[in-house]
Amino acid sequence: MEESKEVVLQIDEKTRVQVTKKGRNVLVDIREMYTDGNGKLQPGRKGFCFSAEGWGLFQGLVGDIDLALKQLQEE
């Protein structure tokens, strides 16, 4: 049986990042959460899940995203 490991980071009240390793696969899941009828926080449909490779590609775009954000905020 493969061991699963995870690290969960809370961005805000309803958004979290979960980094999970299952076997050789490492995933970064950024997900909007909701509270179910029992008051338990559950993952919602809105979010992104990156492979380790996809996460690296995304990180390569962060500078461009920051620049675009700054430009649009100044308009």
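The values are calculated or read from the model by the stated rules, or taken from the named source; none is laboratory data. None of the values given here were measured: they were computed from a predicted structure. Note: ideal-geometry Cβ built from the backbone for every residue, glycine included; neighbour counts use all protein chains shown.
Details
Matching residues to (1) more than 16 Å from the chain's Cα centre (by Cα); (2) surrounded by 12 or more Cβ atoms within 10 Å (Cβ to Cβ):
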site	(1), (2)
7	no, no
14	no, yes
19	no, yes
23	yes, no
26	no, yes
38	yes, no
51	no, yes
61	no, no
69	yes, no
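- Number of positions in region 47-75 that are in contact with a helix residue (DSSP H, G or I) (Cβ under 7 Å, 6 or more places away or on another chain) and part of a helix (DSSP H, G or I): 0
For (1) among the polar types (S, T, N, Q); (2) farther than 19 Å from residue 59 by Cα; (3) in a strand (DSSP E or B); (4) at pLDDT 95 or above, each residue gets a yes or a no:
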residue: 1; (1), (2), (3), (4): no, yes, no, no
residue: 7; (1), (2), (3), (4): no, no, yes, yes
residue: 16; (1), (2), (3), (4): no, no, yes, yes
residue: 19; (1), (2), (3), (4): no, no, yes, yes
residue: 29; (1), (2), (3), (4): no, no, yes, yes
residue: 42; (1), (2), (3), (4): yes, yes, yes, no
residue: 45; (1), (2), (3), (4): no, yes, yes, no
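- Residue 46 farther than 18 Å from residue 10 by Cβ and touching an Asp or Glu at 6+ places or on another chain (Cβ under 7 Å): no
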